[in-house]
Amino acid sequence: MNIIRNRHQDVTLLDIQGVIKLGESAREFSSYLEKVLNDETGPVLINFEGINYMDSTGLGELIGYLQKFEDRQRKMALLNPNHRILALLKITKLDTVFKIFDSRDQALSFLTSKEASA
C-alpha cells in the first residue's frame, strides 16, 4: 500500500493505492490515519481511486477512524471508491454514514463549507 499526503486549504488529502486487508496493510492504514488524527487539523479527504480491494478489517478501521475524527469535531469524506468498494459500502449501509464523492472539487467544497462543521 502506498499513501501520499497533501494539503489543500485546511483539508488533508490522502491518496491511497493498493489493498487494505487483514495484516500489514490494515495496520499501516490505521497507523497513517492515527498520525493524521494527531498531527493535522481540519477535515480529511481519502481518495480511494487507487484502492482495488478492502476487506472487513480495512472497513472496520475506516469506521473507527470516522468516529475518532468526528469526536474531535473533524469531518472525513471518501473520494472515488471503485465499483466493488462502493457496493460494499452500500451493502453494509455505510454509504449513509460516509460522505462519498466522485468529484474532488465537490468533496473539497463540502469539507470546507460551514455545513461540514461537526
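Laboratory data are not the source of any read-out in this text; all were calculated from the coordinates shown. Predicted model, so just to flag it, every value in this text is computed and none were measured.
Tabulated values for the structure
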{"quantity": "Rounded tilt (10° steps) of 56-71 against the dominant C-alpha axis of the chain", "calculated": "20"}
{"quantity": "Rounded to 5, percent antiparallel among DSSP beta bridges of the chain", "calculated": "30"}
{"quantity": "Within straight-line cross-link reach of K99, lysines at Cα separation under 20 Å, skipping those fewer than 8 residues along the same chain", "calculated": "K68, K75, K90, K114"}
